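The structure appears right after this line, and notes come after that.
Taken together, the values in this text are just the output of simple stated rules run on the coordinates, not laboratory data. Quick caveat: nothing in here was measured; it's all calculated off a predicted structure. Here Cβ is always computed from backbone atoms with ideal geometry, including for glycine, and neighbour counts include all displayed protein chains.
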Amino acid sequence: MRVSSRDGRAGQDVLRRVGEASVLILISLADGPKHGYALIQDIKELADVELGPGTLYGALDRLERLELIESLPADDRRHPYRITAPGAAALRVHLDSLERVSAAGRLRLRLGGI
Amino acid sequence: MREPGAGRLVAWALRCYPARWRRRHGDEAAELAALLIRDGAWAGSIALSYLAGAAREWLTPPPGRRLSAATGALLVLVCSLGVSGVLLASSPPARAALTPTPARGTGVSQVHGHARCRAGAGSAVPGVVRSMGSLSVLIWEAGHERSC
């Protein structure tokens, strides 16, 4: 399955089913390319989530096949990864969707007086 | 890697991945493991994480493909075992095994055609196939224990 930048514009949330790890990786890559070790450190700091290396590479592989990220030429044995334009568009759509759900949840909590 | 044998443990876990994955990520995955172990992570947990990742890699169909060959083969195997189970369960000895029999000495006569079936020590099989383990129980009870 390929994701074109058009999918993001069309408002289709392609990240809904990719899992939390993939979304966190895209968020981490949003401010610049990183390799595996830097991703693990950044995600731990950003979301207090410790990604196992198996989970990390599973998600990286999936995101790369979906063309949401791309690997840059290896620096020593480490491959830095970079978010692609369709990846950034898909992340924006996903975060908008999360924001809507989050706002609705907060509103309902307020209305329910909880 | 600080722990003795840690490198070997991680390398063994990485060998469980498909060749395509190893060619693409093998080197950097080993490098990442070395960095995490240097930071104090336990090599066993890293190896376990890679093992779980390898299992997912084999079992998850790649994007765009509905089912991987391995998953397809597994499903065919499970389905064929299920069909065998249904066929065995519908055979007369198995049906006799599933028919409740009154306790001995109650004087109630059985109206069922398999009245001479002896209730074995094992309980009647309640379902067709609950798992691979119960399939073997089903075959054993249907074929050898009942004297119909």
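A few notes on this one:
- Cα-based values for chain A, radius of gyration first and Dmax second, are 15.5, 56 Å.
- Computed with the Debye formula from one identical point scatterer per Cα of region A:51-93, without solvent, the log10 of I(q)/I(0) at q = 0.14, 0.30, 0.34 Å⁻¹ comes to -0.34, -1.05, -1.10.
- Working from Cα pairs under 8 Å separated by at least six residues, relative contact order for region A:13-111 is 32 percent.
- Amide H to amide H distances under 5 Å link A:T84 with A:I69, A:E70, where only residues 5 or more positions off or on other chains count and H is placed in the peptide plane.
- The largest-to-smallest principal axis extents of the Cα set in region B:6-59 are 30, 18, 14 Å.
- Net charge contributed by nearby residues that have their C-beta within less than 12 Å of A:H79 (K/R +1, D/E -1): -3
- Local electrostatic count at A:P53 - Lys and Arg +1, Asp and Glu -1, tallied over other residues with Cβ under 11 Å: -3
- Rounded to whole numbers, the Karplus 3J(HN,Hα) couplings from phi for region A:64-80 are 5, 5, 7, 6, 8, 9, 9, 8, 8, x, 4, 10, 6, 9, 9, 9, x Hz, using 6.51 cos²θ - 1.76 cosθ + 1.60 with θ = phi - 60°, and x at Gly and Pro.
- For A:K34, the residues 5 or more places off, or on other chains, whose built amide H falls under 5 Å of its own are A:Y81.
- Helix-only [θ]222 nm of chain A, DSSP H runs n ≥ 4, -39500 (n - 2.57) each, per residue, nearest 500: -19000 deg cm²/dmol
- Cα long-axis angle, helix A:85-111 against chain A (0 to 90 degrees, to the nearest 10): 30
- Separation of region A:80-99 and region B:1-60, taken as the distance between their Cα centroids, equals 28 angstrom.
- Principal-axis analysis of the Cα atoms of chain A puts helix A:20-29 at an angle of about 70° to the longest axis.
- Here the label points at B:S80 and B:S45, each 7 Å from Cα along the C-beta direction, are separated by 4.3 nm in the simple model.
- Put in line by how crowded their Cβ is, counting other Cβ atoms within 10 Å and starting with the fewest, A:V49, A:V14 read A:V49, A:V14.
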